[in-house]
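In what follows, a single structure is set out as structure tokens and then discussed.
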Amino acid sequence: MASDLVRFSVAIPECLLDDFDAYAARRGTSTNRSEAIRDLMREKLVEEVVADPDAEVVGSITMVYDHHTPDLSHKLDNIQHHHLAQVVSTMHVHLDHHNCLEILAVRGTHATVRELADCLLGTKGVRHGKLVCTTIA
Ligand code: NI
């Protein structure tokens, strides 16, 4: 059930509001300034929650790697098998002759999910990757 909406007024410099409206327009929420502000508030609150190592989080780990790197696929598989409680699902995409994209849906405490991401993304041969966490709390 949605919460009741509350109106409040905020005093800010006009130039800051102009910049915010331009930001909201770039994000495609320019027709509703309230929604843009609500999005930013939620984003900051989620950031604060997931910053706690003990927070229960859900999220994704995205990584790109060259599967020709010796033993790399095997190492990444082993790491995931050692984190069964955190790995909910995986998707593997063969991007081209060399590169693979792997996306893991993860859950657990922020500390355990961060450790899994550090292990995977720190493995030699992983070219790029990122952990994104959010919360359903
Ligand atoms: Ni592949």
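The values are calculated or read from the model by the stated rules, or taken from the named source; none is laboratory data. Keep in mind that this is a model prediction, so the values were computed, not measured. As a convention, Cβ positions derive from the backbone with ideal geometry for all residues, glycine included, and neighbour counts pool all protein chains shown. These area figures cover heavy atoms from the full protein model, side chains too; ligands, DNA and RNA do not enter into them. Shrake-Rupley method; radii C 1.70, N 1.55, O 1.52, S 1.80 Å.
Remarks
- Residue under evaluation M91, criteria (1) outside any loop (DSSP other than H, G, I, E, B); (2) open to solvent by 80 Å² or more (accessible area, probe 1.4 Å); (3) touching a Ser or Thr at 6+ places or on another chain (Cβ under 6 Å), criterion not met: (3)
- Test for P53: is it in a loop (DSSP other than H, G, I, E, B) and under 23 Å from T135 (Cβ atoms): yes
- Exactly one residue out of G108, G129, G125 is modelled with pLDDT under 95, surrounded by 15 or more Cβ atoms within 10 Å (Cβ to Cβ) and either within 16 Å of the ligand (Cβ to nearest atom) or at positive phi (or both): that is G125.
- Residues in region 31-76 that are within 16 Å of the ligand (Cβ to nearest atom) and either of a type in the set (G, A, S) or open to solvent by 70 Å² or more (accessible area, probe 1.4 Å) (or both): 7 in all.
- As a summary of the residue check, D118 satisfies the conditions (1) surrounded by fewer than 16 Cβ atoms within 10 Å (Cβ to Cβ); (2) closer than 30 Å to S9 by Cα except for the one numbered (2).
- Region 77-88, subset in contact with a strand residue (DSSP E or B) (Cβ under 7 Å, 6 or more places away or on another chain) and not aliphatic (A, V, I, L, M), residue surrounded by the fewest Cβ atoms within 10 Å (Cβ to Cβ): Q80
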